[in-house]
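The values are calculated or read from the model by the stated rules, or taken from the named source; none is laboratory data. Keep in mind that what you see is a predicted model, and the values were worked out from it rather than measured. All Cβ positions, glycine included, derive from the backbone under ideal geometry; neighbour counts span all protein chains shown.
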Amino acid sequence: MTSGSELARAISGGTRLYGILGHPITHSLSPLIQTFAFQHHHLDCLYVPFPVQPDRLPTALAGAIALGICGLNITIPHKEAILPLLDEVSTEAEFIGAVNTVDIRDGRTIGYNTDGDGFLLPLQALHIVFADTTALILGAGGAARAVTVALLRAGCPELTLCNRTPERAYRLCDDLCQRFPQAQINSMPFEHAAAAARDHSLIVNTTAVGLHPGDPQLLPETAFRPEHVVYDIVYRPLYTELLQVAKQRGATVVPGIEMLIGQGAEAFRIWTDRTFPTLAIRHLVQPLI
Ligand code: ATR
């Protein structure tokens, strides 16, 4: 049982409130992760889930501002819809077309997308040299946008997009080429992904394939080599089929839980300018996956 003094430390008249807007929201790990980080730093802050129906988003945001809420994470189905409601949106979030973090200062709302920077954190921890990295990206949706922008901003000189619906990959490729004219960016139909893998050092799955048992295998095992870093943004299961096969073939693998923690770490940095207790949070979250 929590003692009176523990509770007094956890909440006061000056407690700053944070939360996550989504629908449904009960599955979210963010309240646990962010609360742990606030407590780790002994900050007088609370982080709570807010189930917000799609048609209530403008009212919910106005309410958050009126109530003096200091920051929000934004998840499905609001990540795109929130953009026009904000006072300011970062260039990156604008390009991605989605916001997952809002900082509220003096009643002004500033939207960010921390998926890309969060994606990079585990690669930085592996001391990947981005200038020497050639990336093969599976998928061309919202997550692929965040991941590709982050890699290109980090200095990745060559990137190939493969998507089930090729037109979507062509479109993302065009957008990226305009923004990063110095990089070599290509797109190709998914059937060529396995062959293309040998010419790339980093392979990233940005699709949801692997989330459900019985999902198709995106790449044959022969596509993977020990030199590869293989990153799957799917975080349930902890090690997807793709990662298991890549690991058996000797590749270095990065599970999606790292990006989940990374995007949270970046949101926390925006709000508090503090570092995330990543190791402890990984131990906290892993058994829940
Ligand atoms: P997110 O924002 O999570 O990226 P999204 O924008 O809907 O979601 O994009 C989902 C991505 O997963 C797309 O690249 C999608 O391919 P299509 O553009 O062809 O739809 C990809 N995807 C989903 N299911 C897939 C499957 N069974 N096989 C291959 N790709 C799949």
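A few remarks follow.
- Members of the stretch 212-235 that are free of Cβ contacts under 8 Å to residues at least 40 places away in the same chain, of a type outside the set (A, V, I, L, M, F, W, C) and within 15 Å of the ligand (Cβ to nearest atom): 212, 213, 214, 215, 216, 217, 220, 232
To keep it simple, each residue is scored yes or no on (1) surrounded by 14 or more Cβ atoms within 10 Å (Cβ to Cβ); (2) assigned to a helix (DSSP H, G or I); (3) at pLDDT below 95.
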site	(1), (2), (3)
8	no, yes, yes
26	no, no, no
31	yes, yes, no
34	yes, yes, no
43	yes, no, no
46	yes, no, no
59	no, yes, no
68	no, no, no
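- Hits in the stretch 250-282 (condition: among the polar types (S, T, N, Q) and touching an Asp or Glu at 6+ places or on another chain (Cβ under 7 Å)): 263
- If you filter the stretch 106-151 down to residues that are over 27 Å from residue 72 (Cα atoms) and aliphatic (A, V, I, L, M), you find that the one that is surrounded by the most Cβ atoms within 10 Å (Cβ to Cβ) is 137.
- Taken over the stretch 223-244, the criterion of being within 14 Å of the chain's Cα centre (by Cα) and not charged (D, E, K, R) is satisfied by 231, 233, 234, 235.
- Residue selected from the stretch 106-127 under the condition within 16 Å of the ligand (Cβ to nearest atom) and assigned to a helix (DSSP H, G or I), by the criterion nearest to the chain's Cα centre (by Cα): 115
- Scanning the stretch 139-188 for residues that are among the acidic types (Asp, Glu) and more than 22 Å from residue 123 (Cβ to Cβ) gives 167, 174, 175.
- Of the residues examined, residue 156 is not one that is out of contact with any Gly (no Cβ under 7 Å at 6 or more places or on another chain), surrounded by 14 or more Cβ atoms within 10 Å (Cβ to Cβ), under 24 Å from residue 80 (Cβ atoms) and at pLDDT 95 or above.
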